[in-house]
Amino acid sequence: MKRLAFFFSIILLANTGQSAQLSAATLNLEQARMLALANSRSLARYELAIRSSILDERNHLYSMLPSLSADYSASVSYLRAWGFENPIDTFNAGAAFSITQVIFQGGRSFIQRAISSIATESVRMGALAEYFNVLDAVDNAYFAVLEAIATLAAEESALQTAELSLSIAEIRHEYGMINPGDFLRALAEKESRENARNQARRNLALNAARFMALTGLTQMPELERIDFSIHEDLIQRLAGISDEEAGALYEKFFVILAEANPSLARAALNSQRAGKNLSLARREHSPTISARIFSTGFNYSPFGGFNTTAAGGISITGSIPIDFWVTANRVQRSRIALDSAELDFAILENSLENELQSALINVFAQAESVLSSRHSLQHTERHFEFVMERYRLLQSSVADVGEASFLLITSQNNLIRASYGFLQSLSRLRSLGALGDEQRLVNILMGDSP
């Protein structure tokens, strides 16, 4: 509930001009999240849905209270015994007051109130699920932009290497030191790397557009880089985690998921509501008894004046449904709806179990990939330097430089993808467990007490 109040208060910041201030400055991940939450139309719709559901809940509460009514009337006559008369002389006015209260309804009012309360809580859980969906989306968009920036930098570096190789090849080709095939290979390598650079620019533009659409910004700000060193201990632990430790982590996360996942909680609430609807359908066999207290307040006429003589009474009415076949049909439909809701809960629970297992496997694999691609990059960088030095000394060919350059850019891109993929997998785990505190997520993965 605190998280719901938090992000709804964030939505109110959308009109404060904060977006315009942040659009021209360096933006960090937390600020991007706030902007995305404030810009989310789906969260705004959930806010309206919660308010509407609360009003429905109040309506059910008010229906259980006594119903008050005040009746009034006025009349005149202009014709009597086929003769006209003065309407003022026949004016008559009166007022009455009554109170009606349902005495017995078989408990249907209390069940309806419980159903409306469950409906409100279900909408709140839907809003909480959407809250984490927005966080997931903006995190992935933020990381995608940074990944595209890093990839573009790597492609620019590879293009510079290809241009250097081509410039050397041009000089050697001019003096007949290499054959035309090697020169054409250097030219093709340069064009290939330029095309890859252009594709990287395109990917960056697309990811930036998605990020601005999520945050509501009109121009792309400079994004604050991620300090991967703060995740080093976590990467080292998860990359070398044992099967027993991985199983313990799964059990711990499954308990958290069962207790806090808003989608699962909403499915459970839907089952409860279906059960209440079944009880409500069964209560339609019960009779309804109502009591009404009424009194005449006053009466006025030109000749008699005001008459305040009190007159009133009490009436009790009741009704018993006898179309049992209709009620039996409603009960059967409600029972089917309950079975369907319970089946939906079981399906969602199984789906979330699989998703949790996949998310954990992914975070382990990404941590391993970070370490392996980091080591691979170290080796390929030394190999590339060695090949380039030999190329300057006419001891390596253009093909050797192209192969070394390809290995280098591949290793760089592998490390970039693994690093940001690791962050995205952490974000997914956070959403599955509805963990608002990211430090708690890190503590759980590190094996500390959550």
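Annotations
- Residue match in region 212-233 (condition: hydrophobic (A, V, I, L, M, F, W, C), over 30 Å from PHE364 (Cβ atoms) and in a helix (DSSP H, G or I)): yes
- Residue in region 345-360 that is among the polar types (S, T, N, Q) and within 25 Å of ALA150 (Cα to Cα) present: no
- Residue ID - nearest to PRO262 (Cα to Cα), chosen from residues in region 388-437 that are among the aromatic types (Phe, Trp, Tyr) and in contact (Cβ under 8 Å) with a residue 40 or more places away in the chain: PHE422
- Within region 212-239, being touching a residue at least 12 places away in the same chain (Cβ under 8 Å) and farther than 30 Å from ARG41 by Cα holds for PHE228, HIS231, ASP233, LEU234, ILE235, GLN236, ARG237, LEU238, ALA239.
- Taken over region 62-99, residues that are of a type in the set (A, V, I, L, M) and either farther than 30 Å from ARG113 by Cα or modelled with pLDDT under 70 (or both) amount to 8.
- Given (1) over 29 Å from ARG374 (Cα atoms); (2) part of a helix (DSSP H, G or I); (3) free of Cβ contacts under 8 Å to residues at least 60 places away in the same chain, index of the condition ALA169 fails: (3)
- Subset of region 257-269 (residues that are crowded, with 16+ Cβ neighbours inside 10 Å and over 16 Å from ASN354 (Cβ atoms)): PRO262, ALA265, ARG266, ALA268, LEU269
- Answer residue from region 236-256, given it is within 17 Å of LEU429 (Cα to Cα) and small (Gly, Ala, Ser) and is surrounded by the most Cβ atoms within 10 Å (Cβ to Cβ) among those: ALA239
- Qualifying position, being within 30 Å of ARG124 (Cβ to Cβ) and of a type in the set (Gly, Ala, Ser), among SER373, SER419, SER358: SER358
- Within region 308-340, considering residues that are touching a helix residue (DSSP H, G or I) at 6+ places or on another chain (Cβ under 8 Å) and either among the β-branched types (Val, Ile, Thr) or within 22 Å of LEU445 (Cα to Cα) (or both), the one modelled with the lowest pLDDT: THR327
- Looking only at region 368-404, and only at residues there that are in a loop (DSSP other than H, G, I, E, B) and among the polar types (S, T, N, Q), the one that is farthest from GLY181 (Cα to Cα): GLN395
- Of all the residues in region 177-193, those that are loosely packed, with under 15 Cβ neighbours inside 10 Å and among the acidic types (Asp, Glu) number 1.
- Only one of ALA158, ALA205, ALA137, ALA196 that is crowded, with 21+ Cβ neighbours inside 10 Å and either over 30 Å from LEU61 (Cα atoms) or not β-branched (Val, Ile, Thr) (or both): ALA158
- Top-ranked residue in region 316-337 [being touching a residue at least 12 places away in the same chain (Cβ under 8 Å) and polar (S, T, N, Q); ranked as surrounded by the most Cβ atoms within 10 Å (Cβ to Cβ)]: SER334
Residue by residue, here is whether (1) of a type in the set (D, E, K, R); (2) surrounded by fewer than 16 Cβ atoms within 10 Å (Cβ to Cβ); (3) modelled with pLDDT of 95 or more; (4) farther than 21 Å from LEU135 by Cα holds:
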residue: GLU342; (1), (2), (3), (4): yes, no, no, yes
residue: ILE347; (1), (2), (3), (4): no, yes, no, yes
residue: VAL387; (1), (2), (3), (4): no, no, no, yes
residue: GLY402; (1), (2), (3), (4): no, no, no, yes
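- Residue match in region 410-420 (condition: more than 24 Å from ILE361 (Cα to Cα), assigned to a helix (DSSP H, G or I) and under 37 Å from the mean Cα position of the chain (by Cα)): no
The values are calculated or read from the model by the stated rules, or taken from the named source; none is laboratory data. Note that this is a predicted model, so its numbers are computed, not measured. Neighbour counts run over all protein chains shown; Cβ positions are idealised from the backbone, glycine included.
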